Amino acid sequence: MDAIRIYGGKVLSGQTKIQGSKNASLPILAATLLIDGCCEIENCPDISDVYHMLRLLESLGCRVTRRESGVLVDTRGVKEGDMPSDSVGVMRSSIMLLGALLARTGLVAMEYPGGCVIGKRPIDQHLRALRRMGVEITEGQEGFCARATRLRGAVHELPFVSVGVTENLILAAVLAEGETVIHPAAREPEIQALCEFLIRAGGKISGVGTDCLVVKGVKKLYPVRFYVPADRIVAGTYLSACLCAGGRVFLADAPCGQMQSVIDCAKRMGGRLREMPEGLLVEGKACRSLESRLVTAVYPGFPTDLQSLFMVVMAVSGLGGEIEETVFENRFRIVPELIKLGADIRVRGNRARICMGSRLCNTIVEAKELRGGAALVVAALSAEGTGIVTNRHYIDRGYEDITRSLRELGADIELA
Ligand code: UD1
């Protein structure tokens, strides 16, 4: 039902088209709330996180129409309201609605957001920064209430780089009074996409792509049509599948320019990659161990979202390696599952050592979060025998149809 069956040992061959980016779509969908009218978000992926975001928008009074090419969001009926707690509960990005809704209605009551359990993931910095813009926030056990008659621009010197906080502040600042400075701002490509969307709608943002964003508040934004760029993490997932199973795959639309740290790492592990304007060609298996530790970092560093996938590459290839996770403190939840498959991995604090030489054999393993779940599927592709990955719903949060895509790439895989 909620599982995937994988017949391991097949060499990959084929091509698949990389879906639109989850982490770009979610804040852009939240941003439609700032625009009184109808926006068209093209290439918006058909994944459960987007479904939940659309449900939240509907509960706030938006009219949402799904089309083949994307989603239409008509925000003319937006009113104050409670958000359905089941959607807020499952998805951390519901916090993204906070900045946008405050700008639109001045009042938000919501439960603390959920999302993958990959660390503490508090929202303290979101709330602290919004208070600086004139938002009054009352916190309770289960949730909080935020109120602002008028949002004021502010200078934010943030204690560390956060993707979500940067996005929330941009959303709160575009229609605020005066100027907002965000430093250090996250530079992830998804932030650039959000800024491009808002600039096209009439927002004034400078410093896009740098660690210092300056947002000048405007009175009004206008409806636009926007094409969501391809998902660099999904592309990285199928890249790692090829490094594990071997073969030759073409990842159409893969955003190579946004994947340099990952492409570089894959090349150092012996993968042959060709970057093209139409996508990424990947050939061969990982056959060299990395000389140095793989360290996750904010963009343009190696993305934490691909950490478990490259742990799998190190484990199934038998090459081993070392990983240091610097973004989330609890992102090694996949390790006990990989040990069930026969891997020898030792975790100490935020470091993991993947020992050389193990041979992986398929069995039943459990997805515990989105990327870790995808990584287990990738591991099973090149382990011996038939494997099952349970809790598919975690994977469905971010992949349109991972079994279809991997079948297109030649894997023997089906829903179970
Ligand atoms: C986003 C991405 C997620 C990615 C992550 C890091 C989306 C929907 N999700 O998550 O896929 O893995 O960036 O690239 O875009 N923190 C606090 N207090 C806060 C906010 C964050 O302590 O108020 C901490 C977090 O616990 C974490 C670190 O800051 O340790 C970075 O988190 P952040 O960049 O905010 O990640 P998200 O926006 O949640």
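Summary table
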read-out	value
Proximal lysine pairs, the chain, alpha carbons under 13 Å, eight or more residues apart or interchain	5
Interchain or long-range residues, amide H under 5 Å from T363's placed H	I388
Environment charge of I47, counting only residues whose C-beta is closer than 10 Å and scoring Lys/Arg +1, Asp/Glu -1	-4
At most 13 other Cβ within 10 Å, DSSP loop - trypsin sites (Lys or Arg not before Pro), the stretch 276-352	R288, R293
Counting DSSP beta bridges with both ends in the chain, the antiparallel % (nearest 5)	75
The stretch 228-292 versus the stretch 349-388: alpha-carbon centroid distance in Å	19
Solvent-accessible surface (1.4 angstrom probe) belonging to H393, in square angstrom, nearest 10	90
Tensor-based shape of the stretch 146-221 (alpha-carbon gyration tensor, a/c under 1.5 rounded, otherwise prolate or oblate)	oblate
Amide H contacts of G318 (H built 1.01 Å from N, under 5 Å, at least 5 apart or other chain)	G357
Shape of the stretch 350-396, Cα gyration tensor, a/c cut at 1.5	oblate
Cα gyration tensor shape of the stretch 314-416, rounded if a/c is under 1.5, else prolate or oblate by comparing a/b with b/c	oblate
Area accessible to solvent at C361, 1.4 Å probe radius, in Å²	60
Order of exposure, largest accessible area first, which applies to T16, T363, T138 with probe 1.4 Å	T138, T363, T16
Peptides 395-402, 371-378 ordered by average Cβ neighbours within 10 Å, highest first	371-378, 395-402
Gained length - S206 relative to L415, 0.36 nm times residue gap less alpha-carbon distance	70.6 nm
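The values are calculated or read from the model by the stated rules, or taken from the named source; none is laboratory data. Only a predicted model underlies this, so the values are computations on that prediction, with no experimental measurement involved. Every residue, glycine as well, gets a Cβ built from its backbone with ideal geometry; the counts of neighbours run over all protein chains shown. Heads up: the accessible areas ignore ligands, DNA and RNA and are worked out on the full protein's heavy atoms, side chains in. Shrake-Rupley method; radii C 1.70, N 1.55, O 1.52, S 1.80 Å.
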